[in-house]
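Structure first, commentary second.
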There are 2 protein chains.
Amino acid sequence: MRGAPSPGAYLKRTALSGAARATSAPLLSLEKQLLHPGVKGLPITAPLPQGAIGAQQWNVLRADTSFPVAVLKISAIQHNLEWMRRFCERHGAQLAPHGKTTMSPQLFSAQLANGAWGITLASVTQAQTAFRYGVRRVLLANQLVAPADIKAAVALMRQDSGFEFFALVDSSAGVARLSQAVTRLGLERPLPLLVELGLAGKRAGCRTMEEALAVAREVAAAPGLELAGIEGYEGLLTSKDQERDHQEVRDFVARLADLLRQADGEGLFTRERILLSAGGSAYFDFVANGFAQVKGLSRPVLPVLRSGCYLTNDHGHYQDMIAKLNAREGVTPEQGLRPALEIWSMVLSRPEPTLAILSMGKRDASYDIDLPRALVWHRPGAAEPGAMPEGCRIEKMNDQHAYLRMPADAAIGAELAVGDLVGCGISHPCTTFDKWPLLLAVDDDYGVRHAINTFF
Amino acid sequence: MRGAPSPGAYLKRTALSGAARATSAPLLSLEKQLLHPGVKGLPITAPLPQGAIGAQQWNVLRADTSFPVAVLKISAIQHNLEWMRRFCERHGAQLAPHGKTTMSPQLFSAQLANGAWGITLASVTQAQTAFRYGVRRVLLANQLVAPADIKAAVALMRQDSGFEFFALVDSSAGVARLSQAVTRLGLERPLPLLVELGLAGKRAGCRTMEEALAVAREVAAAPGLELAGIEGYEGLLTSKDQERDHQEVRDFVARLADLLRQADGEGLFTRERILLSAGGSAYFDFVANGFAQVKGLSRPVLPVLRSGCYLTNDHGHYQDMIAKLNAREGVTPEQGLRPALEIWSMVLSRPEPTLAILSMGKRDASYDIDLPRALVWHRPGAAEPGAMPEGCRIEKMNDQHAYLRMPADAAIGAELAVGDLVGCGISHPCTTFDKWPLLLAVDDDYGVRHAINTFF
């Protein structure tokens with residue numbers, strides 16, 4: 001295995017935090033695991049230790065891998081890690097990136113090594129996976145309701161007394177269930193909760209300040225619970241009217257701060273610091289700016305952003321959102337977050353002059369916001385990939401196939417051949433990561449350096 | 001582990017075929033594997049051997065599991081297995097069910113034990129997984145193009161000389177690539193190929209009889225290859241005009257038969273039997289009836305259907321398609337295929353009078369054809385689930401949440417509470433299975449009997 005990178009090659013590039021070092025043993029176990037033939041993208045005919053992948057010197061452009069294959073560009077990930085660390089430092093915010101996006105131990109570890117305060121997750125099973133791979137501070141950005149899930153969260157808190165776990169609550173019923181459960185389970189320390197403020201017509205969360213304040217009082221008074229902070233999610237404010245969305249985001253952030261002030265005024269917070277959390281991947285600048293105004297409370301406020309998609313960005317929805325954020329922040333596109341995730345597939349069939357059938361489908365690339373975007377094509381052996389001409393687009397996907405439609409007058413219609421490669425960007429990292437148990441981390445020449453695992 | 005069902009509990013209910021018995025060792029390895037906390041649906045706080053799941057006596061209606069959880073109804077699966085075996089016997093067809101639907105070793109094994117001739121798959125990595133778990137006859141219903149994939153297929157053929165592997169081809173370029181690759185790899189036996197006939201405007205496959213016949217001649221003449229049969233996929237013929245779709249399906253099946261007759265007339269087939277394959281999950285009766293007419297050739301014809309979704313059916317698109325098939329076959333709904341796959345989630349929040357937020361989302365249930373259908377709701381401890389009232393529907397899903405909208409005048413709007421369960425049917429099994437590494441097989445009372453693994 002000489003030449004194979006050590007586990008978590010990203011981590012070598014930045015100073016390791018204590019949290020990241022502590023995770024090295026579980027990450028090592030992933031490098032030692034045997035990968036069996038059958039893993040998407042891997043060109044293996046016998047079991048291979050994961051840590052030996054780099055030594056194989058596969059190159060995607062040489063078509064060494066199986067196709068489709070999901071690749072993560074190491075340089076873009078590294079750039080984005082550093083970009084977000086600087087952003088948070090500049091705005092005085094902490095980052096608990098939403099781990100549901102990638103569900104990847106190596107990426108969690110890289111995020112923690114690059115200054116993340118903790119990892120946000122959406123379910124207790126996700127928290128269990130993060131815990132297993134060394135994450136010791138989890139913000140469950142979701143209501144915690146199912147008895148088995150409450151029990152599992154309590155078990156993690158017991159397994160390591162240093163494990164910090166926060167969850168949301170938005171109803172009296174939720175407070176009562178949690179209080180009864182942790183009391184029955186005899187949890188040795190209070191369960192810290194954030195009251196979720198919601199938006200009319202949107203997802204969970206109290207709809208009024210009065211409701212939210214009432215829930216906050218109940219949490220503060222309930223046996224076994226403690227009020228840790230206030231939470232909201234502004235990311236659902238996406239309409240066709242961008243200016244209105246922006247104003248609503250700013251208003252919502254101001255209401256979160258108001259709620260926090262009122263709860264603090266009633267003396268409901270008892271922990272050392274008060275958590276104030278919001279911030280998906282589209283408007284985290286508004287959130288950070290709004291949170292920075294929250295001062296003069298009974299104790300320090302910890303503003304926690306939760307973007308998950310900053311890490312890979314994309315070539316669709318989030319790229320557009322980030323372009324707007326860049327403009328607001330005065331950042332050039334080159335300086336901003338870079339797309340890091342691509343799906344490469346092969347031309348399987350050229351059944352009609354303007355149609356190519358590709359070896360990827362709904363099992364391989366997200367399709368919930370937009371279909372994948374064909375970026376480049378490449379004939380293995382050629383010097384380098386060529387840009388996909390204007391007008392070429394993925395017009396449809398079946399489970400295992402994509403339909404690349406080319407304009408009738410484009411030269412590529414005659415040129416693109418069975419066996420050529422097509423590199424696609426995606427729109428929405430969350431629904432692409434969850435289609436790949438293993439992604440390949442590549443250098444700028446598409447040389448495969450190591451593997452990234454996901455657990456969905 | 002007393003009380004735990006033996007691996008592949010389905011298999012005990014029907015006579016085991018030789019193929020199924022041969023798979024018992026790899027299936028046993030799945031029962032012996034340790035499941036770690038973090039697997040969706042499992043309410044575990046410490047590692048548990050998979051084979052011990054039945055002995056835990058979890059019941060979904062008691063909310064013993066984590067939520068969301070994916071359940072497979074054992075009785076419905078068993079019914080569907082037997083239904084399809086009888087259907088194929090009646091029509092004189094063989095079944096190579098499309099394994100991409102479930103990618104589940106236990107379900108492959110149950111299908112083979114219930115008379116399936118082989119397993120259809122969409123990629124070589126899928127074939128590698130099936131091979132690993134004992135499948136020894138694979139129809140790759142796809143073009144085989146990537147060098148790594150050709151090499152991997154050849155490796156499987158070498159690993160077991162009894163492993164039968166068939167792939168498709170639809171172009172001269174494809175024939176040339178395959179012939180060169182298997183010659184270079186020195187494959188000891190010819191690679192059997194089916195020529196794919198396609199449909200104008202649809203996916204892969206030769207667009208004309210002349211093209212298809214030319215490719216068939218090339219396969220027959222190419223070193224290292226042999227012409228095994230003719231293939232098509234009629235399942236893409238779904239427009240708003242059902243009568244026209246049906247006529248086009250019948251026409252297409254007739255053209256497949258014509259092509260086969262012409263290729264046979266030229267003496268291009270040399271194997272003992274000629275494969276003739278089509279048949280997704282919507283029109284397999286048309287295909288079987290059409291194939292039954294193909295007689296009087298130089299050697300026996302083996303008609304192979306490939307439906308993948310018959311095994312679980314669904315509560316949406318395929319249920320509708322199967323209802324129409326039932327009507328054509330003179331089968332009552334009760335006698336027909338049953339929906340076997342459900343996703344159960346919990347009410348996390350009741351933020352508005354007509355809205356409930358559920359703990360499942362795009363990571364858990366298919367959304368590519370229709371959103372999930374809310375079937376029942378249940379309060380753990382109550383006698384039994386109640387039907388979801390008319391007008392209640394999942395109106396939206398985010399990655400991890402579903403929005404259940406209830407009519408303003410429905411009593412359930414006041415009744416449904418945080419902690420209640422909602423059982424949903426899905427539309428499109430393929431894009432639900434791929435969201436679950438592990439599903440729970442349940443009896444008719446939602447008692448959990450054993451686990452079903454998937455490998456995506």
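The values are calculated or read from the model by the stated rules, or taken from the named source; none is laboratory data. Note that the structure is predicted; figures quoted are calculated from it, not measured. Methodologically, a virtual Cβ is constructed for each residue, glycine included, from the backbone with ideal geometry; neighbour enumeration extends over all protein chains shown. Only protein heavy atoms, including side chains, enter the accessible area calculation; ligands, DNA and RNA are left aside. Shrake-Rupley method; radii C 1.70, N 1.55, O 1.52, S 1.80 Å.
Assorted remarks:
- Residue in region B:246-263 that is in contact (Cβ under 8 Å) with a residue 60 or more places away in the chain, open to solvent by 20 Å² or more (accessible area, probe 1.4 Å) and touching a strand residue (DSSP E or B) at 6+ places or on another chain (Cβ under 9 Å) present: no
- As for region A:225-241, it holds no residue that is in a helix (DSSP H, G or I) and either open to solvent by 20 Å² or more (accessible area, probe 1.4 Å) or of a type outside the set (A, V, I, L, M, F, W, C) (or both).
- Selected residue (criterion: nearest to the chain's Cα centre (by Cα)) from residues of region B:150-166 that are among the aromatic types (Phe, Trp, Tyr) and within 15 Å of B:Arg132 (Cβ to Cβ): B:Phe165
- Single residue of region A:349-358 satisfying the filter (of a type outside the set (Val, Ile, Thr) and open to solvent by less than 10 Å² (accessible area, probe 1.4 Å)) that is nearest to A:Cys424 (Cα to Cα): A:Leu358
- Positions within region A:303-328 being more than 21 Å from A:Gly115 (Cα to Cα) and touching a helix residue (DSSP H, G or I) at 6+ places or on another chain (Cβ under 7 Å), in sequence order: A:Tyr318, A:Leu325, A:Arg328
- 3 or more residues in the same structural domain as B:Val418 (by TED's automatic domain parsing) and either within 29 Å of the chain's Cα centre (by Cα) or of a type in the set (S, T, N, Q) (or both): qualifying strands (runs of 3 or more DSSP E) within region B:351-403: B:373-378, B:393-397
- Condition check for B:Asp320: part of a loop (DSSP other than H, G, I, E, B) and under 26 Å from B:Asp434 (Cα atoms): no
- Within region B:103-137, considering residues that are part of a helix (DSSP H, G or I) and hydroxyl-bearing (Ser, Thr, Tyr), the one nearest to B:Leu302 (Cα to Cα): B:Ser109
- Selected residue (criterion: most open to solvent (accessible area, probe 1.4 Å)) from residues of region B:177-201 that are at the interface with chain A (Cβ under 10 Å from one of its Cβ atoms) and under 25 Å from B:Arg255 (Cα atoms): B:Ala200
- Restricting A:Leu61, A:Leu34, A:Leu30, A:Leu72 to those that are under 30 Å from A:Tyr233 (Cα atoms) and not hydroxyl-bearing (Ser, Thr, Tyr) reduces the list to A:Leu72.
- Total residues in region A:57-102, condition aromatic (Phe, Trp, Tyr) and either more than 30 Å from A:Pro303 (Cβ to Cβ) or in a loop (DSSP other than H, G, I, E, B) (or both): 2
- Residue within region B:407-419 that is open to solvent by less than 10 Å² (accessible area, probe 1.4 Å) and within 13 Å of chain A (Cβ to nearest Cβ) present: yes
- Set A:Leu297, A:Leu302: member being in a strand (DSSP E or B), among the hydrophobic types (A, V, I, L, M, F, W, C) and at pLDDT 95 or above: A:Leu302
- Check on A:Arg271, more than 30 Å from A:Trp83 (Cα to Cα) and assigned to a loop (DSSP other than H, G, I, E, B): yes
- Pairing each residue of region A:137-163 that is at the interface with another protein chain (Cβ under 7 Å from one of its Cβ atoms) with any residue that is of a type in the set (Lys, Arg) and surrounded by fewer than 22 Cβ atoms within 10 Å (Cβ to Cβ), provided the two are 6+ apart or on different chains, yields C-beta distances under 9 Å for A:Val145/A:Arg177; A:Pro147/A:Arg177.
Yes or no, residue by residue, for (1) among the acidic types (Asp, Glu); (2) surrounded by 24 or more Cβ atoms within 10 Å (Cβ to Cβ); (3) more than 14 Å from chain B (Cβ to nearest Cβ); (4) without any contact (Cβ under 8 Å) to a residue 40 or more places away in the chain:
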{"site": "A:Gln56", "(1), (2), (3), (4)": "no, no, no, no"}
{"site": "A:Phe67", "(1), (2), (3), (4)": "no, yes, no, no"}
{"site": "A:Gln78", "(1), (2), (3), (4)": "no, no, yes, no"}
{"site": "A:Gly92", "(1), (2), (3), (4)": "no, no, yes, no"}
{"site": "A:Ala122", "(1), (2), (3), (4)": "no, yes, no, yes"}
{"site": "A:Gln128", "(1), (2), (3), (4)": "no, yes, no, yes"}
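- Selection count, region A:427-456, where residues are open to solvent by less than 30 Å² (accessible area, probe 1.4 Å) and either of a type in the set (Gly, Ala, Ser) or within 14 Å of chain B (Cβ to nearest Cβ) (or both): 19
- Total residues in region A:34-54, condition among the β-branched types (Val, Ile, Thr), open to solvent by 20 Å² or more (accessible area, probe 1.4 Å) and either more than 24 Å from the chain's Cα centre (by Cα) or outside the structural domain of A:Asp434 (by TED's automatic domain parsing) (or both): 1
- Residue tally, condition open to solvent by 40 Å² or more (accessible area, probe 1.4 Å) and within 13 Å of B:Glu266 (Cα to Cα), over region B:211-224: 4
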